[in-house]
Each structure stands twice: as structure tokens, then as C-alpha cells.
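Presented below is the structure to which this report refers.
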There are 2 protein chains.
Amino acid sequence: MDGVLANTYALFADWHERETGIRKDISETIGMPEREAFPNTRKYVFTPSFFRQLAPIEHGIETVKALNERYEVFIVSAATEFPQSVGEKLAWLAEYMPFIGWEQVVLCGSKKIIKADIMIDDHFKNLDHFDGKTILFDQPHNHLKPAGRHYRVKNWQEISDLLLP
Amino acid sequence: MDGVLANTYALFADWHERETGIRKDISETIGMPEREAFPNTRKYVFTPSFFRQLAPIEHGIETVKALNERYEVFIVSAATEFPQSVGEKLAWLAEYMPFIGWEQVVLCGSKKIIKADIMIDDHFKNLDHFDGKTILFDQPHNHLKPAGRHYRVKNWQEISDLLLP
């Protein structure tokens, strides 16, 4: 969800500006870990309402809706590190992706336990353990790292072109 | 968790008695689906506090603690059908199994997406899709069904004998 379906950078930038008065442009954060780009991210992600407030990433909802008609889709989100997030993430999905049933949702810690054919993720730590095809969703924190065996996409339009030709 | 680590039958019997005045002995429910044994289970599992109130099943906690020192353990619980349960299940684990880290917890809908070597579960619908070794945890609802390719255990002591010889 975060950094693939839900726009964490936009809310990090908003909350960072609220705290410091300084607006960081996302382009200034390219190549930095999130915590370096926005020093208080650890505080933000443990704050109630953070995950519920995230805006959807452009074209994510409509693309997952289309994928859901052709594939067996699961939304797998690293959530258990932030106990307050689990209910918020279900509420977020209920609002933005009502076409995703409860059977299709996984809130986890490590994604090592996930078995599927294709994984779309913005973190190498999740993709590297996965047995199937791996799609790296471009985000500032991974942008300067070589994609390796993973296929990098810049946005959901590219995923649509790839998986819904 | 439910029916393996957490004692759903005991709380179903308590809530059923509170509603009807009738105490059902678990032995009367052998071979029945849970909803037949306790007609209001669907109401109970959507009631806030139900999952938080469950008592641990005998020897479950100590056995998982010992397994956790020898195996890579994940607690995988069908939870997303009951959105109010997700926070309660994390709180339950934090209370009874503080040795289980957030990386080891999966709250899901379908367990078809789970990849591991051994699955312990009380439901055929979860075990039947699993690629590894499958251990059927005996519960009244599954007691009269042939275990098939799954290995039936009556309790956590048997799991300990099997996996921690």
C-alpha cells in the first residue's frame, strides 16, 4: 500500500512542513532513505490517522480495479509494526477500493511468507525474497538503486501497459 | 489463532449461555459446524471485544514459545473478514505472546497466499491449499471428518512431541 497505492511522500512533506515551516520538494529527496528525507517519519507512522489520511497514488485505484477483473489480486501491506495502522488500512481500502474483498487483504510484518506469481512493491527487502516475477515501483528512496532482477516501473500506467496489454 | 491458539468454543458457550440461559457442553457440538452448534456465532465474531476476550488454548503459548526458539514461526490469522478484530488480535498477541515480534504476524483473509514449510490449522479450507506439511488441530467442527493428507493432533502436547522431539 504505502509508496505503491498510498502516497506516503506527499503526507510526509505536508507533516514535515507543518512541523518545520519548510516545504521539501519530492525532487530533493531522490536517492535518500525516507527517514533521511523527512527526519520525523518514525513519529508520523506511529501517529493515529497518518495511514488513514494518505491520498491514493495516481492511477493506482483504477488499475487495480482492472487487474482485479483479470487476475487474482491480493493487497499485501506491511502493517503490524504499527498496530494503530491495521484498522486504518482496512478503512482506507474500504473507502478507495471497495471492489477488493476481505479475502484479498493481508496485513503483515515480513513479506517473506507471501506466495504468489507477481509482486509489485517499492522495497527491495520485500521483492528480494519473492519467488515469482517482481515489479519495483519507482519511489524516491529506491530511484538511484539498480533494479537488479526486478522490473522497474515509474507509475501505474506502466503496470497497466505491462499486465493489461 | 481461533480454534488453535485462542479458545473460541469456550467463549461461544459462555455467550450462548448468556443469551439463552442454556449451557452447552462442548461434547454436544462434536461434528457440527460452529454456526450449528451456537446459532449466533456470526453475531459474536462481529462484536467488539470478542477476539480480545478469548482465553488461550491449553499449552499453546508455551509450545509456540519453544517452537519460536527452533523454527521461524509466523502467526497467521484469518481476521480481515472482521475489521474490528485486527487491532484486538494484535493486542491479544502482545499480551499472551510477547515473544512474537511484529515481523511474525499475518492478519489475512484467505490463507491461499501463505508460503511456509508447516501449517497448523483447524480448517480444511486453509490446509487444503497449502504446499507444505499440514497439521490439523482437532476441534469439534472437524472431529468427525477424515483428516485425509493432513496429520491430526488432539492438542499442543502432541505438536510438541511431533516438532520438538
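The values are calculated or read from the model by the stated rules, or taken from the named source; none is laboratory data. None of these values were measured; they are calculated from a predicted model. For neighbour counting, all protein chains shown are included, and Cβ atoms are generated from backbone atoms with ideal geometry for every residue, glycine included. For the accessible areas, the whole protein counts, side chains as well, though only heavy atoms, and no ligand, DNA or RNA atoms are used. Shrake-Rupley method; radii C 1.70, N 1.55, O 1.52, S 1.80 Å.
The same position residue B:30 in the other copies lies at 7.0 nm from this copy, comparing label points 7 Å beyond Cα toward the beta-carbon, shortest first. Only helical runs count toward this figure. For chain B, summing -39,500 (n - 2.57) over DSSP H runs of n ≥ 4 and dividing by all residues gives -9500 deg cm²/dmol at 222 nm. Taking the square roots of 5 times each eigenvalue of the Cα gyration tensor of the protein assembly as shown, largest first, gives ellipsoid semi-axes of 39, 22, 19 Å.
Note on residue B:119: accessible area approximately 20 square angstrom, rounded to 10, probe 1.4 Å, nucleic acids and ligands left out.
Label positions at residue B:112 and residue A:128, each projected 7 Å from the Cα along the C-beta direction, are separated by 3.1 nm.
For residue B:68, the point set 7 Å out from Cα toward Cβ sits 3.5 nm from its twins in the other copies, listed from shortest up.
Relative contact order of chain A, please, whole-number percent, based on alpha carbon pairs below 8 angstrom and at least 6 residues apart. Display every interim value, and only then the final one.
Values: 219 pairs, mean separation 39.6, N = 165.
Relative contact order for chain A comes out at 24 percent.
Can you tally the net charge around residue A:138? Count Lys and Arg as +1, Asp and Glu as -1, for every other residue whose Cβ sits under 10 Å from the Cβ of residue A:138. Residues near residue A:138 contribute 0 overall. Globularity index of chain A is 1.01 (Cα radius of gyration / 2.2 N^0.38 Å, N = number of residues).
Working out 0.36 nm times the residue gap between residue B:161 and residue B:52, then minus their Cα-Cα distance, what length gain in nm do you get to one decimal? Could you put the intermediate results ahead of the total?
Working: separation 109, 0.36 × 109 = 39.24 nm, distance 2.92 nm.
Additional length available on full extension: 36.3 nm.
Mind checking the range B:30-103 for GluC sites (Glu not before Pro) that DSSP puts in a loop (not H, G, I, E or B) and that have at most 13 other Cβ atoms within 10 Å?
Working: sites: B:34, B:36, B:58, B:62, B:69, B:72, B:81, B:88, B:95, B:103; in loops: B:58, B:72, B:81.
Listed in order of number, the matching sites are B:58, B:72.
Pop the C-beta distance of residue B:95 and residue B:22 into the FRET formula with R0 = 25 Å and round what comes out to the nearest 0.05.
On the way: r = 31 Å, r/R0 = 1.22.
Computed FRET efficiency for residue B:95 and residue B:22: 0.25.
Give a quick list of chymotrypsin sites (Phe, Trp or Tyr not before Pro) in the range B:39-134 that DSSP marks as loop, anything other than H, G, I, E or B, with at most 16 other Cβ atoms within 10 Å.
On the way: sites: B:44, B:46, B:50, B:51, B:71, B:74, B:92, B:96, B:99, B:102, B:124, B:130; in loops: B:46, B:71, B:74, B:99, B:130.
The qualifying sites are B:46, B:71, B:99.
A point 7 Å from Cα along Cα→Cβ stands in for residue A:52, and the other copies hold the same point at 1.6 nm, listed in rising order.
Across peptide A:115-126, the mean count of Cβ atoms from other chains lying within 10 Å of each residue's own Cβ comes to 1.
Per-atom-type breakdown for the range B:113-157 gives carbon and sulfur 52% of the accessible area (1.4 Å probe, protein chains only).
Report the calculated FRET efficiency for residue B:68 and residue A:36 (r = Cβ-Cβ distance, R0 = 45 Å), to the nearest 0.05. Walk me through the numbers before you get to the answer.
Details: r = 34 Å, r/R0 = 0.75.
After rounding, the FRET efficiency stands at 0.85.
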